[in-house]
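Structure first, commentary second.
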Ligand code: GLC
């Protein structure tokens, strides 16, 4: 059952597709306080689990930390961060069999047992919001009801389940060709190569650097003939440059976000000073969405939307005040307070509160300050693209995923989990985000495999890939200046091929599992506690997940480990998959140490269940799903 409570005059975020009559707040099932904020609390028994918050930091069980819904451009996903790129305001309170979705586009503070271990206090930063309270018998049912409320998840094309290679950047045709040759010569399957910001001319959206990618359309067609799709990036900021047609059009038509004095807001991103389309407006979304046509006309069938929190490196005002401060302090003896204040002024130039506060949007004819709607900016950029694609190409034709997101964007795109690190702990962080993202409708998702920031080791890449084998988005991506991270770049690439081949063998199964989850508003990945609610070890398990109706996954996540300890909540078949090899072992319910070689993908299949495994192929288009054997 879903109950809706409306306070004040909420912004229509587009998150919900079902219309529900609001109830009176007197029926709100939590203790609450309403002044200039809306605060409610609930208590938790020791064994209660709180799930949710989608793409968020820390555990599957969100207890014991304080989270903040605030889409953040922050590449350091350390344990003590409260916000990442997304604002997914949905939790399931296990003990109460209750789900809560707060449809509110600005800051929400989720103190889930941080201040008091047995109490959660949720603070919504304003008083115009909708809250949905969902009750059902199980967390899975709650999640299903919620998904019915927010509408069907985005469906990617089939080839988007293939393996994808990215890096910041492959700056020209030769670099892209080297990647494809590297994969083909090593016999490693591949379907997509990514074009990061350097394919553009001076980082201008919807342009191509013709010196480095001459005759782009023919090049895209030539790659596609070889079964490879090129996937360009699109950033939120538009370079402010006279003569650049997108900028000129946006300026002339008043499409950019404003400042309080009515002039266009400006801030620096990759191209230097940019203006920012006011994606909150339908006419602006239509305009921006239609620009993707320039690339689809050249044969492009997939995109990733980036920097759409939006990320602001600096503003003129920020730089000026920092320089003034520096000038004022020049020659002075800087004591602790003054030195660190000066330092923080410069390190704090990016994504400054004052800059966000100076942005204004037009929503339904009203001027709205950015702070009040920050969390739906990126989602609306993606909606602009998604709506254009759906209208022009129909469902399931274009690959699209975004960095910033809000619930509702799950109908038009997938997400990736942003700039992680080549850290062992980030394998687990990736795993822990999956059920939450699924609960919020984001089925097509994944992390940068191998880790984005800093140098990866071969074994880390292999263990990361062995988890990525199961995530709908399977993409290896790494940052500028990091060591080569393509599978063929490491010694004995045949062993990395063994892992990618397993992915291709599983694609028919994974695609089918994806489709079922989408059609039934269900999860691809579930915490073990969803399936074994009375099993204490399963309830507390944060390193394994249920996959579909048939499987459990348990990746190796520690360096120099020859395997891992795994908990089986029932008898299962342990399967080690590597290239075309399949080694099976029956295991009883309980704790086991299982050996997993670096080139093996561990998988656990439930008793009485079978999954299809087809022959590997170099491209998804060459897979023979019909000829699959069942294991
Ligand atoms: C951002 C993105 C990253 C991309 C980089 C350059 O950091 O998150 O994936 O490679 O920008 O475009």
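No lab work stands behind these numbers, since they all come straight from the coordinates. What you see is a predicted model; the values in this text were computed from it and never measured. Positions of Cβ are generated from backbone atoms using ideal geometry, with glycine treated the same way; all protein chains shown enter the neighbour counts.
Assorted remarks:
- Of all residues in the stretch 452-467, those satisfying the criterion of being assigned to a loop (DSSP other than H, G, I, E, B), over 16 Å from the mean Cα position of the chain (by Cα) and either closer than 22 Å to residue 195 by Cβ or away from the ligand (no atom under 16 Å from the Cβ) (or both) are 456, 457.
- When residue 149 is tested against (1) crowded, with 19+ Cβ neighbours inside 10 Å; (2) away from the ligand (no atom under 15 Å from the Cβ); (3) within 25 Å of residue 483 (Cα to Cα), just one condition goes unmet, and that condition is (3).
- If only residues of the stretch 468-488 that are in contact with a helix residue (DSSP H, G or I) (Cβ under 7 Å, 6 or more places away or on another chain) and assigned to a helix (DSSP H, G or I) are counted, the one that is nearest to the ligand (Cβ to nearest atom) is 487.
- For residue 176: the one exception among (1) farther than 27 Å from residue 387 by Cα; (2) within 16 Å of the ligand (Cβ to nearest atom); (3) within 24 Å of the chain's Cα centre (by Cα); (4) surrounded by 22 or more Cβ atoms within 10 Å (Cβ to Cβ): (3)
- Residue in the stretch 317-331 that is over 13 Å from residue 279 (Cβ atoms), in contact (Cβ under 8 Å) with a residue 12 or more places away in the chain and either in contact with a strand residue (DSSP E or B) (Cβ under 8 Å, 6 or more places away or on another chain) or within 16 Å of the ligand (Cβ to nearest atom) (or both) present: no
- Taking the criterion of being under 23 Å from residue 497 (Cβ atoms) and part of a strand (DSSP E or B), the residues of the stretch 565-585 that qualify are 574, 575, 576, 577, 578, 581, 582, 583, 584.
- The stretch 421-446 - residue that is within 16 Å of the ligand (Cβ to nearest atom) and in contact with a helix residue (DSSP H, G or I) (Cβ under 7 Å, 6 or more places away or on another chain) and, of those, nearest to residue 63 (Cα to Cα): 430
- Per-region count, the stretch 179-219, residues in a helix (DSSP H, G or I), touching a residue at least 24 places away in the same chain (Cβ under 8 Å) and away from the ligand (no atom under 16 Å from the Cβ): 9
To keep it simple, each residue is scored yes or no on (1) surrounded by 16 or more Cβ atoms within 10 Å (Cβ to Cβ); (2) closer than 25 Å to residue 16 by Cβ.
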position: 324; (1), (2): no, no
position: 341; (1), (2): no, no
position: 352; (1), (2): yes, no
position: 355; (1), (2): yes, no
position: 364; (1), (2): no, yes
position: 370; (1), (2): yes, yes
position: 382; (1), (2): yes, yes
position: 391; (1), (2): no, yes
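- Selection within the stretch 381-407 - in contact (Cβ under 8 Å) with a residue 12 or more places away in the chain, part of a loop (DSSP other than H, G, I, E, B) and out of contact with any helix residue (DSSP H, G or I) (no Cβ under 6 Å at 6 or more places or on another chain): 395, 396, 397, 403
- Total residues in the stretch 308-338, condition under 16 Å from residue 349 (Cα atoms) and in a helix (DSSP H, G or I): 11
- Here residue 418 meets each of (1) within 13 Å of the chain's Cα centre (by Cα); (2) over 21 Å from residue 266 (Cβ atoms); (3) within 16 Å of the ligand (Cβ to nearest atom); (4) part of a helix (DSSP H, G or I) with one exception, condition (4).
- Any strands (runs of 3 or more DSSP E) falling wholly within the stretch 1-72 and containing at least 2 residues that are within 26 Å of residue 368 (Cβ to Cβ): 2-7, 31-34, 38-43, 65-69
For every residue, the table says whether it meets (1) surrounded by 21 or more Cβ atoms within 10 Å (Cβ to Cβ); (2) over 20 Å from the mean Cα position of the chain (by Cα); (3) in contact (Cβ under 8 Å) with a residue 60 or more places away in the chain; (4) within 16 Å of the ligand (Cβ to nearest atom).
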| residue | (1), (2), (3), (4) |
| --- | --- |
| 27 | no, yes, no, no |
| 37 | no, yes, yes, no |
| 41 | no, yes, yes, no |
| 44 | no, yes, yes, no |
| 75 | no, no, yes, yes |
| 116 | no, yes, no, no |
| 123 | no, yes, yes, no |
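- All positions within the stretch 492-512 that are in a helix (DSSP H, G or I) and over 18 Å from residue 473 (Cα atoms): 493, 494, 495, 498
- Here the condition is being surrounded by fewer than 18 Cβ atoms within 10 Å (Cβ to Cβ), out of contact with any helix residue (DSSP H, G or I) (no Cβ under 7 Å at 6 or more places or on another chain) and over 29 Å from residue 107 (Cβ atoms); of 295, 336, it holds for 336 alone.
- Within the stretch 586-603, tally of residues that are loosely packed, with under 12 Cβ neighbours inside 10 Å and not in a loop (DSSP other than H, G, I, E, B): 3
- Among (1) loosely packed, with under 14 Cβ neighbours inside 10 Å; (2) under 18 Å from the mean Cα position of the chain (by Cα) - the single one residue 59 does not satisfy: (1)
- Conditions (1) in contact with a helix residue (DSSP H, G or I) (Cβ under 7 Å, 6 or more places away or on another chain); (2) in a loop (DSSP other than H, G, I, E, B): number failed by residue 350: (1)
- Checked against (1) part of a loop (DSSP other than H, G, I, E, B); (2) within 23 Å of the chain's Cα centre (by Cα); (3) more than 16 Å from the ligand (Cβ to nearest atom); (4) surrounded by 22 or more Cβ atoms within 10 Å (Cβ to Cβ), residue 170 meets all criteria but (3).
- Just one residue in the set 141, 222 is under 30 Å from residue 89 (Cβ atoms) and free of Cβ contacts under 8 Å to residues at least 12 places away in the same chain; that residue is 141.
- With respect to (1) surrounded by fewer than 17 Cβ atoms within 10 Å (Cβ to Cβ); (2) closer than 23 Å to residue 630 by Cβ, the lone exception for residue 554 is condition (1).
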